[in-house]
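Asker: Could you have a look at this structure, given as structure tokens, before my questions?
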Amino acid sequence: RLKSEDIKTFEGVSPETVENTIEHNLKYLHEGGSLGRPDFLINIIRSLNVFLSRHAEMKVLTVGPRTEAELFGLAAAGFIPRNIRGLDLISYSPFVDVGDMHDMPYEDNSFDVIILGWVLGYSQDIPKAVAEVARVGKPGAFVAIGHESNPFPREIFDKDRGFSLEGTEFEDTADILSYFEEYTESVLFRQDIHASLKECICHLLVVLQLHSDEKASS
């Protein structure tokens, strides 16, 4: 039922965004790629004690959801639909705002939970994207991050896509967390790649909490 004419795209993509990001996500939007991937992070969040006690009031932002699958997953986990927003360079949904993670269209201190699901790799200016997360997150907000670790040469996938995608890579969760260091109060969960899986496509997963008092940048 997805029609190309119903898809909105962000105009004037910033230089911080990896080239061909929109083309890449449009391709996999039509193909329905990675629909189950958001559950990796959602299942971690729903196991937190603070989620069990506060989920009905928590406001959630998911950055780069591509499809509504992530929003449905959050609602199924127990978050209230009216408290869930998506932000992406492309959107066919009234629940996903069109915008850039390097300059989010939200006020300071807006969200209790921010999900960066497999989206930081599309940034060429990670500190700027992270600063925006810290800005729109409330004091003590939870940030969940996913990143695909792919051992295969990029050229293989570029050939299949028909264009290059020079994304930002992270070696491990320590690499990801280094960008959040000044904003982080605690790290609640981290998953690195097991030694036996170094030759497989796997996922780096992190859940952290922002400082609960004043922002480090203030």
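Asker: Of the residues in region 141-185, how many are within 18 Å of Gln124 (Cα to Cα), of a type in the set (Phe, Trp, Tyr) and at pLDDT 80 or above?
Answerer: The total comes to 3.
Asker: Can you find a residue that is small (Gly, Ala, Ser), at pLDDT 95 or above and under 16 Å from Glu132 (Cβ atoms) anywhere in region 75-96?
Answerer: Checked region 75-96: at least one residue is small (Gly, Ala, Ser), at pLDDT 95 or above and under 16 Å from Glu132 (Cβ atoms).
Asker: Still on this model: Which residue pairs have Cβ atoms under 7 Å apart, sit 6 or more places apart or on different chains, and have a first residue in region 44-68 that is part of a loop (DSSP other than H, G, I, E, B) and a second that is of a type in the set (Gly, Ala, Ser)?
Answerer: Sorted first by the residue in region 44-68, then by its partner, the pairs are Arg46/Ala77; Arg46/Gly78; His55/Gly78; Lys59/Ser110; Gly64/Gly117; Pro65/Gly86; Pro65/Gly117; Glu68/Ser93.
Asker: Would a scan of region 73-85 turn up a residue that is open to solvent by 20 Å² or more (accessible area, probe 1.4 Å), of a type in the set (Gly, Ala, Ser) and in contact (Cβ under 8 Å) with a residue 40 or more places away in the chain?
Answerer: Checked region 73-85: no residue is open to solvent by 20 Å² or more (accessible area, probe 1.4 Å), of a type in the set (Gly, Ala, Ser) and in contact (Cβ under 8 Å) with a residue 40 or more places away in the chain.
Asker: Give the number of residues within region 70-113 that are outside any loop (DSSP other than H, G, I, E, B) and either basic (Lys, Arg) or within 16 Å of the chain's Cα centre (by Cα) (or both).
Answerer: Looking only at that region, the number is 21.
Asker: Moving on. In region 179-206, what residues are touching a strand residue (DSSP E or B) at 6+ places or on another chain (Cβ under 7 Å) and assigned to a helix (DSSP H, G or I)?
Answerer: Within region 179-206, Phe180, Tyr183 qualify.
Asker: Name the single residue, out of those in region 123-153 being assigned to a loop (DSSP other than H, G, I, E, B) and in contact (Cβ under 8 Å) with a residue 60 or more places away in the chain, that is least open to solvent (accessible area, probe 1.4 Å).
Answerer: So, considering only residues that are assigned to a loop (DSSP other than H, G, I, E, B) and in contact (Cβ under 8 Å) with a residue 60 or more places away in the chain, the one least open to solvent (accessible area, probe 1.4 Å) is Asp125.
Asker: Of Glu132, Glu107, which residue is at pLDDT 95 or above and touching a His at 6+ places or on another chain (Cβ under 7 Å)?
Answerer: Glu132
Asker: Also: Taking the residues in region 207-218 that are part of a loop (DSSP other than H, G, I, E, B) and crowded, with 17+ Cβ neighbours inside 10 Å as candidates, determine which candidate is modelled with the lowest pLDDT.
Answerer: This residue is Lys215.
The values are calculated or read from the model by the stated rules, or taken from the named source; none is laboratory data. None of the values given here were measured: they were computed from a predicted structure. Neighbour counts run over all protein chains shown; Cβ positions are idealised from the backbone, glycine included. Only protein heavy atoms, including side chains, enter the accessible area calculation; ligands, DNA and RNA are left aside. Shrake-Rupley method; radii C 1.70, N 1.55, O 1.52, S 1.80 Å.
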